[in-house]
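The values are calculated or read from the model by the stated rules, or taken from the named source; none is laboratory data. The model shown is predicted, which means the values in this text are computed figures rather than measured ones. Methodologically, a virtual Cβ is constructed for each residue, glycine included, from the backbone with ideal geometry; neighbour enumeration extends over all protein chains shown. Please note that ligands, DNA and RNA were not included when accessible areas were found on the heavy atoms of the full protein model with its side chains. Shrake-Rupley method; radii C 1.70, N 1.55, O 1.52, S 1.80 Å.
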Amino acid sequence: MKKTFMISLVVAALVCAFALPNLSAANEAPADIELKAPFKMRKAPVQFPHAAHEKLVPECTTCHHEWDGKSEVKSCAAEGCHTEQRAKPGETLSFKKAYHDLCIKCHRQERKGPKGCNDCHPREKK
Ligand code: HEC
Ligand code: HEC
Ligand code: HEC
């Protein structure tokens, strides 16, 4: 009886050891992400080098500002987030303003990274 208990403890520990890395793997982003709006877009979607920014920006929460560091990272255009094409002052930022405030502001501050419309939005709409 005691031995079976010990074995189940060891098994449980092993399961945990393998389950933990998988938990964090669930929060791994693709290296490059094509950013698409939940409405008909006027511009071509932006290609965002995520892996590069994980190295450039120390904190995930600079961008994922609602993330608790544990649960699944939500899309910026998840329900209740930046889904709208337009928003009034005081409302949750529109899709476009949320991205522009984040991306362009940092590139200006750092004096690095693209700042012109066509540097981020490819000229030709696909
Ligand atoms: C640093 C990169 C960056 C720059 C510079 C930039 N944008 Fe954006 N813009 C984005 C991102 C990211 C989004 C949201 C994701 C997407 O639309 O692909 C976005 C969204 C938009 C949208 C809403 C989505 C759509 O296609 O309807 C419009 C319109 C837009 N940008 C126009 C502009 C214009 C005009 C300029 C220049 C004045 C500009 N952007 C400069 C990154 C940028
Ligand atoms: C410079 C901004 C920025 C930084 C820093 C950043 N991310 Fe992201 N991440 C994004 C954007 C933008 C997306 C695309 C969101 C979308 O599709 O709506 C994204 C997407 C993701 C996704 C996929 C979510 C989905 O939509 O399914 C995961 C997971 C993720 N990031 C994890 C991380 C982790 C973990 C870190 C820190 C190590 C991090 N990110 C750092 C901007 C950033
Ligand atoms: C907190 C700072 C910060 C934020 C936020 C940020 N970036 Fe950047 N980004 C940088 C820096 C710094 C560089 C310049 C890297 C270099 O030239 O070495 C850069 C470079 C880039 C490049 C050029 C990469 C290349 O290979 O030349 C693109 C495209 C880009 N950013 C898109 C975005 C988009 C889209 C967003 C918003 C989702 C964003 N960035 C948010 C700091 C930031």
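When only residues in the stretch 77-102 that are of a type in the set (A, V, I, L, M, F, W, C) and in contact (Cβ under 8 Å) with a residue 24 or more places away in the chain count, which is surrounded by the most Cβ atoms within 10 Å (Cβ to Cβ)?
Phe95
Restricting the first residue to the stretch 38-66 and requiring it to be without any contact (Cβ under 8 Å) to a residue 60 or more places away in the chain and open to solvent by 100 Å² or more (accessible area, probe 1.4 Å), which pairs with a second residue that is more than 8 Å from ligand 2 (Cβ to nearest atom) and among the acidic types (Asp, Glu) meet a Cβ separation below 9 Å and a spacing of at least six or different chains?
If the second residue must be more than 8 Å from ligand 2 (Cβ to nearest atom) and among the acidic types (Asp, Glu), the pairs left are Leu56/Glu110.
Of the residues in the stretch 52-98, how many are at positive phi and either away from ligand 2 (no atom under 12 Å from the Cβ) or in contact with a Pro (Cβ under 7 Å, 6 or more places away or on another chain) (or both)?
2
Considering only residues of the stretch 103-113 that are surrounded by 10 or more Cβ atoms within 10 Å (Cβ to Cβ) and not basic (Lys, Arg), which is farthest from Val46 (Cα to Cα)?
Within the stretch 103-113, the match that is farthest from Val46 (Cα to Cα) is Glu110.
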